[in-house]
There are 2 protein chains.
Amino acid sequence: MSETERPRLSKAAVVKRGLALADAEGLEAVTIRRLAADLGVTPMALYWHFRSKDELLAGLADRVWTEIDVHVDPDADWPAQLRGLLESLIRVLRTHPSASQLLFSGEKRTSEPAMIANEVALEVLHRAGFDAEHAAAIAHSALFTGIMLVMSEPGFEPGLTDAERAEHQRLARVRLSLLPPDKFPRLVECAVPMTASDNPDFHYKLGVDLFVAGVQALAAAGT
Amino acid sequence: MSETERPRLSKAAVVKRGLALADAEGLEAVTIRRLAADLGVTPMALYWHFRSKDELLAGLADRVWTEIDVHVDPDADWPAQLRGLLESLIRVLRTHPSASQLLFSGEKRTSEPAMIANEVALEVLHRAGFDAEHAAAIAHSALFTGIMLVMSEPGFEPGLTDAERAEHQRLARVRLSLLPPDKFPRLVECAVPMTASDNPDFHYKLGVDLFVAGVQALAAAGT
DNA sequence: GCCTTACCCGTACGGCGTATAGTTGTCAAC
DNA sequence: GTTGACAACTATACGCCGTACGGGTAAGGC
C-alpha cells in the first residue's frame, strides 16, 4: 500500500488552490495553514514558493487579472467598447467574489495583465477624445466602479451559503419594514428593492449604465 | 503619591479613542490589546462595554455616520442636492480614512444615523422622479461611489506617513515610465496623472461629476 | 452587616503570519 | 558507487490576535 504520491508543489498550483478556496469560503478562509493543509503540506512549505502571504495574494490577484477579456470590438463606438470592458471586468469579479477585496491593495494592480487591461481602457478613452489626465482618472474610476458594483451587490459577503444569504436578506427587509413610517417613509417604501439580493441583473445593468452615461456626459461637456 | 486617577471608561470614550487610533495609524492598528493599552486598561475591560470587536467597530462606524451632514438646500434643484449629500459623505470619509473600509461590512450601515442619511437621499431621488427601485439602487450607488472615491484616491493606504506615501508615488511613477512604450504607449503617457497623489481635488471633482451626470442622464432617459 | 451590581483584572486557549534551523529526495560530478 | 550540492520540504518556536472563563473590588441600597 503505497502512499498516495502528492505531485510536486508549484506556484501555479498553490495559486489555483488558493483562489478556489477564496471563491468557496471567502478570502478570510485563505490562511497559510489552511491552504497548506488543503495541499497536503506543511505551512512553511508555501514559503519556499512565496516570500510572504502578501506575495501569495498578489499571485491570486495576478491570476484573476489574466481572466478578464481585454478584446474590444473595433467596429463598436467607444461607449460600447468601454461598456464591454467594464462588463468583462464585472464578469470575472463575480466569478471570484473575493477578488474585489483583493484588488484594493494597490500593489496588486501592477501585474502585467493588469497593465494590459489598463492600457486598453486608456486607448479607448483616448479615442473618445479625453486628454491624458481625464483618461487616467476615468480608467481608474472604471476599475473601481466594477469593484464597487460587485461589492455593493445586496447580500454581498463572500463565503456565505445561499441559505445564510437569504436569511440575511429576510432580516434586513424586516428591519426596514418595521421602521417608523413617519420618520422613514422612503426607506419603508424601498424595503424590498433595497434588499433585493435576488435578481442582481438590475443592479449591474443600472451601475454600468450610470457609469457609461456619466462618461458620455463628460465627453460631451468637454468638447 | 497617589495613582493618577483614570476616568471611568465609557462606550463613547472607547469609540472616540478607537476612531482616533484608526485615523492615525489605520484600521489594522485598532486591536483590542492596543486600544486597551492606549486607554490604560486591560484588554478584557473593553468586553464589558462591547460584546465583541465587531460590535466595537460598528460603534466606530456609527459615530462616523453621525458626522455626515444630511442637510439639503431646499432651494437647490435635485442634482445639486444629490451632489451636496455626496460631497458631505466624502468630506467625512476623508477625515476618517479608515472609515471607508469600515462601512463595507454590511451590518455597519444599519445604525440610525445611517438610516437617516439614506432616507434623505431617497427623498431627493424621489423628487427627481425615480421610482422606488431606481431610487434605492441609486442611493446605494451614491454611498458606494463615495466610499470608492476615497479608497481609489491615488496613494490611499491609511496609516502611512506622508513621506512613505510620496515614496510610493515616486516608485509607481518610475515603474510606469519604464514600461516598454511600444506595448504600453498610453500608460507611459499617463504615468504622471495616474499616480498623481498630490492635488486630490481633481480626483474627487471628476468622480462626483461623473456620478451626478450619470444620474441626470438616467433621469432624462427615464422620462 | 450584607448583598447586588457595575466595572475591571489575570490567565489561558486556539489560531494567525513567519523566522530559523534541520531533514530529505534527486541528480550531476568524480 | 560514493559524494556533495541544491531544491523542496518539515519541525519548532515566537509574538501577535480575539476572546472564554473565572475571579476581584468599590459603591450603594437594605
Mean other chain Cβ within 10 Å across B:95-104 is 1
For the pair A:ASP75 and B:ARG8, what calculated FRET efficiency results from E = 1/(1 + (r/R0)^6), where r is the Cβ-Cβ distance and R0 = 51 Å, to the nearest 0.05?
0.10
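Dipole size in debye (nearest 20) for the range A:35-108 around its Cα centre, Lys and Arg Cβ +1, Asp and Glu Cβ -1? Before the final figure, lay out each step's value.
Values: 7 positive and 11 negative charges, 70 e Å.
My answer is approximately 340 debye.
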Is there a simple number for the mean count of other chain Cβ atoms within 10 Å of the Cβ of residues in B:111-119, and what is it?
3
In whole percent, what relative contact order does the range B:68-223 give with Cα contacts below 8 Å and a gap of six or more residues?
26
Å³ per residue enclosed by the Cα convex hull of the range B:82-133:
84
For the residues A:TRP48, B:TRP78, what sequence is obtained by ranking on other C-beta atoms within 10 Å, fewest first?
A:TRP48, B:TRP78
Alpha carbon centroid spacing (whole Å) that separates the range A:1-71 from the range B:33-62
34
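Quick one: A:HIS134, A:HIS71, B:HIS168, fewest Cβ neighbours within 10 Å first, how do they rank?
A:HIS71, B:HIS168, A:HIS134
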Checked the protein assembly as shown with the C-alpha gyration tensor, a ≥ b ≥ c its square-rooted eigenvalues, rounded below a/c of 1.5, otherwise prolate if a/b is larger than b/c and oblate if not; verdict rounded
Specify, per residue and in Å³, the volume enclosed by the convex hull of the alpha carbon atoms belonging to the range A:1-126.
122
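Helix-derived [θ] at 222 nm for chain B: sum -39500 (n - 2.57) over DSSP H runs of at least 4, divide by residue count, nearest 500?
-20500 deg cm²/dmol
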At 7 Å out from Cα toward Cβ: B:ASP54 inter-copy label distances (nm, ascending)
2.7
Within 10 Å of each residue's Cβ, count the other Cβ atoms and sort A:THR195, B:THR95 from fewest upward.
B:THR95, A:THR195
Cα convex hull of the range B:57-171 - mean projected area over all directions, nm²
7.9
Select from B:GLY59, B:THR42, B:PRO74 the residue farthest towards the positive end of the dipole of the range B:27-81; place +1 on Cβ of Lys and Arg, -1 on Cβ of Asp and Glu, and compute about the Cα centre.
B:THR42
Note to self: C-alpha centroids of the range B:195-223 and the range B:143-166 sit apart, in Å, by 18
Report, in debye and to the nearest 20, how large the dipole of the range B:122-170 comes out about its Cα centre when Lys and Arg carry +1 and Asp and Glu carry -1 on their Cβ.
100
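What's the FRET efficiency of A:TYR47 with B:LYS183 using the Cβ-Cβ distance as r and R₀ = 41 Å, to the nearest 0.05?
Computed FRET efficiency for A:TYR47 and B:LYS183: 0.80.
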What is the minimum Cβ-to-axis distance for chain A, in whole Å, where the axis maps A onto B, and to which residue does it belong?
A:GLY214, 2
What are the DSSP H helices in chain A that stretch 24 Å or more along their long axis, judged by alpha-carbon atoms, and whose average Kyte-Doolittle hydropathy comes to at least 1.0?
A:132-151
Kindly list the residues of the range B:20-55 that lie in the label zone of B:ALA163, defined by a backbone N under 16 Å from the point 7 Å along the Cα-to-C-beta vector.
none
What is the range A:158-198 by shape, rounded, prolate or oblate, if you read a ≥ b ≥ c off the alpha carbon gyration tensor as root eigenvalues and call it rounded for a/c under 1.5, prolate for a/b larger than b/c, and oblate otherwise?
prolate
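Read the figures in this text as sums done on the coordinates, not as results from a lab. Note that the structure is a prediction, hence the values are computed from the model and not measured. Positions of Cβ are generated from backbone atoms using ideal geometry, with glycine treated the same way; all protein chains shown enter the neighbour counts.
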